[in-house]
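Student: Could you have a look at this structure, given as structure tokens, before my questions?
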Amino acid sequence: MNTTAPNTDNLNILEVQGAKVVFPGSGRQRDVVAVEDVSLRIQRGRTLGIVGASGCGKTSLARAIMHLIPLTAGHIRILGKEPATMGRESRRQMRRHFQMVFQDPGGSLDSRMRVVDLVAEPLKVHGMARGEELRSRATACLDSVGISADMANRYPHQFSGGQRQRIAIARAIVTEPELLVCDEPTSALDVSVQAHVLELLREIRSRRPIGMLFVTHDMGVVRQICDEVVVMDGGQIVEEGLVEQILQSPSHPVTQQLLEVAMAHHAIGIDG
């Protein structure tokens, strides 16, 4: 089975063109348009932030990119390919190249499995390792995110929230994906733990020039982890550009409001 990533030297890691996501209504309820005509791209080694208030469509867009919900219209290409048009087996093989870190690590980790087995599972599913190599690679990946080998046989409930998120990140990166989609991965953590998780994500990007999509409501987090940012409201992009430019000269009222909220909550780095 060929699981080698396509040559991405001259490709965007992610391209989204005219994406639309509609949730059908039932009975007298109208359809809900969650995402409307959104286009964006992520280049190799870059992190794009999607920021907006609750209900703006950012999580729906992230889930559509991960093929967890269907697009109503538009196109999503990862490594130059469109998974939605692939057969089931080709899409399964492609899936190792794009992974997701969810907001709630407790909900994304099976409480009945030891953490070493949780991290090893994607390697097993994609036929990337077996036997002793399977455990060895999983243990090494856990170690790379700060979970030592002597903790590998514990269960998720035996770890703190920050540690569980590190385990979830290890599970997401163990297949060495080209795209990592992070959906509010620090919003449930206190400020000090949040800073450690963000530093871990920066370290991961420094080891391999992967593309990251980082979904958040916090402009302070955007400042710390992202290169570019798109601001969403009502399912649409209302402002986009380099992070420093947007933070210094926000032009849309929604962006200005998000920045004011971040400053009021003493977001790290906004004033620096």
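Student: Measuring from a point 7 Å past the Cα of Lys20 along Cα-to-C-beta, which residues in segment 58-82 have an amide N at less than 15 Å?
Tutor: 70-76
Student: Running a GNM on the chain with Cα contacts under 10 Å, which residue among Glu260, Glu89, Glu178 ends up with the highest mean-square fluctuation?
Tutor: Checking each option, the largest mean-square fluctuation is seen for Glu89.
Student: Compare the peptides 212-225, 101-114, 36-49 by average per-residue count of other Cβ atoms within 10 angstrom and give them in order, highest first.
Tutor: Answer by packing, highest mean first, reads 212-225, 36-49, 101-114.
Student: Choose one answer from Gly80, Gly55, Gly25: the residue with the largest mean-square fluctuation in a GNM of the chain with alpha-carbon springs under 10 Å.
Tutor: Gly25
Student: Say R0 is 22 Å: what FRET efficiency, to the nearest 0.05, do Glu199 and Ser249 get from their beta-carbon distance?
Tutor: Taking R0 as 22 Å, the efficiency between Glu199 and Ser249 is 0.20.
Student: Net charge near Glu176: determine it from the other residues with C-beta under 12 Å of the C-beta of Glu176, scoring Lys and Arg +1 and Asp and Glu -1.
Tutor: +3
Student: Could you grab the Rg to Rh ratio for the chain? Cα atoms only, Kirkwood for Rh.
Tutor: On the Cα set of the chain, Rg over Rh gives 0.97.
Student: For a paramagnetic label modelled at 7 Å from the Cα of Arg154 toward its Cβ, which residues of segment 106-120 fall within the zone defined by backbone nitrogen distances under 14 Å?
Tutor: Answer for this model: 114-116.
Student: I'd like the antiparallel share, as a percent to the nearest 5, of DSSP beta bridges with both residues in the chain.
Tutor: Antiparallel bridges: around 50 percent, rounded to the nearest 5.
Student: Rounded to the nearest 500, what is the chain's calculated 222 nm mean residue ellipticity when only DSSP H runs of at least 4 contribute -39500 (n - 2.57) each, over all residues?
Tutor: About -10500 deg cm²/dmol.
Student: What is the extension gain from Ala188 to Arg88, computed as 0.36 nm multiplied by their sequence separation minus the C-alpha to C-alpha distance, in nm to one decimal? Kindly include the intermediate steps, with their values, before the conclusion.
Tutor: Values: separation 100, 0.36 × 100 = 36.00 nm, distance 3.44 nm.
Difference between extended and current length: 32.6 nm.
Student: What does the net charge come to around Ser144 if you take all other residues with beta carbon closer than 14 Å to its beta carbon, with K and R at +1 and D and E at -1?
Tutor: Overall, the nearby charge balance is +3.
Student: Please arrange Glu240, Glu203 by counting, for each residue, the other beta carbons lying within 10 Å of its beta carbon, fewest first.
Tutor: Glu203, Glu240
Student: Specify the inter-centroid distance of segment 230-250 and segment 142-187, based on alpha-carbon positions, in whole Å.
Tutor: 30 Å
Coordinate-derived values only; no laboratory data. Keep in mind it's a predicted model, so treat the numbers as computed, not measured. In this analysis, Cβ positions are derived from the backbone assuming ideal geometry, glycine residues included, and neighbour counts consider all displayed protein chains.
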